[in-house]
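Reading through the structure tokens given below for one structure.
The values are calculated or read from the model by the stated rules, or taken from the named source; none is laboratory data. Predicted model only: the values in this text are computed from it and were never measured. Virtual Cβ from ideal backbone geometry, glycine too; neighbours counted across all protein chains shown.
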Amino acid sequence: MKTNTFYCLLLIVFITSCGSKELTRTDALNILRTSQDYPTTIDYTLYCNDGNVANRVAKSSLVSDGYVIMAEVRSADKPFFSFTEKAKPFLIKVSDRERALGIQVVKLADEILIDVTGISTDANSTTATVLYATRLESISPFAVLLDKGLTTDKSRKAFFKRYDDGWRIEKRDF
């Protein structure tokens, strides 16, 4: 009889623990962190053979600060500008084909996950909207090329769905 009672209690504990599991801020933060999206690198593609891009680069502080060298004479096989050794830490590897086309991707900043700021679940607790905060760090000198600059603190939104094995991210709004 004691064995039946023990198994009955164990079954009740199991059923209640696997029942309506709410998504907590800690759970959401852990899922966001393990989704391998944070930290992430914010990058920017430069077309070194484009005259408009070259004009923006020339007008920026990148030349005077020693990150970029403008070509004195432009020929068909040379880009309008090239990068110095000082710029190397901010250059992201591109394919040989992209390099031949004068395309270079540069790092602008690292975006890191700060905290979950709010959770809203539906009545059945099967879907949730999670608001969270990120911050840009290690902002590179190439950020001067952006028209609007970089906002260091950002509010983000992710949509979660509950499955039999737990919560998963369905979609993010960037």
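Computed quantities for the displayed model
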item	result
Residue that is closer than 27 Å to Asn55 by Cβ and modelled with pLDDT of 90 or more, where the choices are Ala143, Ala133, Ala128, Ala158	Ala143
One residue from Lys2, Lys21, Lys78, Lys107 being of a type outside the set (Val, Ile, Thr), modelled with pLDDT under 95 and under 30 Å from Leu131 (Cβ atoms)	Lys21
Among the residues listed as Ser125, Ser120, the single one being polar (S, T, N, Q), touching a residue at least 60 places away in the same chain (Cβ under 8 Å) and within 30 Å of Thr24 (Cβ to Cβ)	Ser125
Whichever residue in region 128-174 is more than 15 Å from the chain's Cα centre (by Cα) and of a type in the set (Ser, Thr, Tyr) and, among such residues, is farthest from Thr24 (Cα to Cα)	Ser140
Residues that are part of a loop (DSSP other than H, G, I, E, B), of a type in the set (Gly, Ala, Ser) and surrounded by fewer than 16 Cβ atoms within 10 Å (Cβ to Cβ), drawn from region 125-157	Ser125, Ser138, Gly149
First in region 31-55 and more than 18 Å from Leu150 (Cβ to Cβ) and in contact (Cβ under 8 Å) with a residue 60 or more places away in the chain, second anywhere and assigned to a strand (DSSP E or B) and among the aromatic types (Phe, Trp, Tyr), Cβ under 9 Å, 6 or more apart	Ile31/Phe160; Ile31/Trp167; Leu32/Tyr132
Any pair with Cβ under 9 angstrom, 6 or more apart, that starts in region 75-103 at a residue that is basic (Lys, Arg) and ends at one that is in a helix (DSSP H, G or I)	Lys86/Pro141
Wholly enclosed strands (runs of 3 or more DSSP E) of region 24-99 bearing at least 1 residues within 19 Å of the chain's Cα centre (by Cα) and surrounded by 13 or more Cβ atoms within 10 Å (Cβ to Cβ)	40-47
